[in-house]
Each structure stands twice: as C-alpha cells, then as structure tokens.
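What follows is a single structure, written as structure tokens, with notes after it.
Where a number appears in this text, it was derived from the coordinates with a stated rule and is not lab data. In this text, all values refer to a predicted model and were calculated from it rather than measured experimentally. Backbone-built Cβ (ideal geometry, glycine too); neighbour counts: all protein chains shown.
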Amino acid sequence: MSINTESLSKEPSAIQQRRQANMFLVRLQWLVILLLIAALLWLYMSQLRFERKVNERLQSNEQVVSRLNEMDDRIFAMSQQTLPTPRTVASSQAQNQLDLLRIQIQAADRLLADNNESAAMELLRGLHWQLSQSSNEIAPALTVVIKQSLVKDIERLQARSSQPSPWQLQNIAIQNIQEFLHSYERERPTNATDSTKIPDNNVSLTRRQLMIHEVIMTLNLASQASNMREQEQLVSYLRQARQQLKTLAPQTSQSKTSTNKTSQAANSTNSNNGKVQTKSSPNDITEVIDWLDRLIANAPKPTPLLTTQILDKPKR
C-alpha cells in the first residue's frame, strides 16, 4: 500500500512538469516568432532607407544632367540666333567675328548669372587677347572701344571677387534676423493676447510663437531665393515676412517713422548698411522690420557687362 500511495503522489508532479515544459515550449515559440517579425521589420526598414538614398542620388544626378542640358540648349540657341545687319557696311569676315564676339559675351553674362566669376574673367581675358591678334578684322576704332570695355569689366569683376557678394550679405543678414527671432520666440508672453495658448499634440504654443515660426519659415524661403539669385522672389518673401511681423510691432507709428529713415539711409550708404547687418543683430521687432526694409531696398540686381552694352548699341 505504501508503494501505491508513493506512486500516486508522484504522478501529479509529473503532470505539472509536462505542463510546465509545454508552456515553456509555447513561450519559446512565441519568442522565436517575435524575433522573426522584428528581423523582418528591420530588414524592411533597411530596404526603405536604402531605396530612399538611391532615389535621392538619382534625383540629384538628374538635376545636374538637366542643368547641363539646359546650358547646352541655351548655348546652342544663342549660337543659332540671327543678328540684324549693322548700319555700317563691313566685310563678311569682320561681321562673323563681331557676331561670334556677341555670342561669347552672352556666354560671359550667363557665367556671371550662375555666380561663376572666375570663368567669366578668363573668358573676357581670352576675348581681349583675341582682339589683339592680327587675324582680327573688326574696325580698328570699334576694336579699341571693345578692348577698353573688356579691361573695365575685368577690373570690376576682380574688385567684386575680393569682396563678399551682395547675395552673401543678404543671407548673413537673414540668418542674424532668424537667430534673433529664435531667441524672441522662446521668451515668455507679455500680454493677454500673446498668452492665449493653442494646444497641439500636448504642446502649448502661443500665438506670438506661431507667428514668429511662420516668419522664420518665410525667411528660409527668402534665403533659398537668394541662393538661386532670384531677385523678385527674394523681395517678395522679405515683404511677406515684414507684413507678418507688423502684427507683433509694439508701436506701429514709430516703426513706420524709423523705417522711412532707415530706407533713405540704406539708399545713400549701401555698404555701411551691409556692414551693420552682417556684424550685429536686431534688438526688437521694430529693428527687425527696419532690417527687412533695408534688405528690400538693397536687393541685389544683376548688372550687365559694359561690353554687352557696347555691342548692343548697333542693334538698336
């Protein structure tokens, strides 16, 4: 009897062990399944990242290729342009050289538009050397005038290359304004209107902070337009940012008065204003509006070469 009771007492423990073993196997299976799912997700995310990088590289390559194709098309179109006959009667060889010179000057203007001043200066030096050769059959008086204008253009480009570009000064001033706006955005509101909070994903933002954030984004667009040498877009975005900041100005009348004064000073002394904008930062919203007025008044404009103006005169 004692043997039977011992065997009976041992049977439940064996059943419990089997249950525990089964439970352990089930948990192990689920663990393996979860690991496989995690590995598949990791592989999928890695594949997506790889595809995104490849697409970005392909897009950048396509942009470069399309830009080169556009430049080739422009050069080809310029070479195919039919120029009107000049008033003065000239030989066919001299006229061909003059037409080729106009095309080469147009190419120099295009290089300057693309901010490639070094290549433009090399091209102008080559044209000056070309006019000094004995094979030049252009009229001597016109040759002297063109060579003098080429020398002036080269000297002007050399002086401009040793100084910061007006577009760079615009970008530096915009960055200074954005840095001030970032610090101004983090300040506490000072009135009831600013303290009205708008919940967004458990984050409270004041109306003033939202407006400043919009201004910063608009200035980012203005900086991009400056990098692309788009003068009209740059002025448009700067005016839009100024209009947005007018709602935050504490005293509108004083802001308008100081704006008129600084705009007049900006038109008379552009270089001094540029130094102030790049080496200092505004102290309040009113000064930011003044800065924007200066940037709008001193927006860089493309200046054609003197040689281009001289060669265009017979065409008029």
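Structure values in brief
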| read-out | value |
| --- | --- |
| Residues Ile37, Ile105 arranged by fewest to most Cβ contacts within 10 Å | Ile37, Ile105 |
| Global form of the range 118-163, assessed from the alpha-carbon gyration tensor, a/c cut-off 1.5 | oblate |
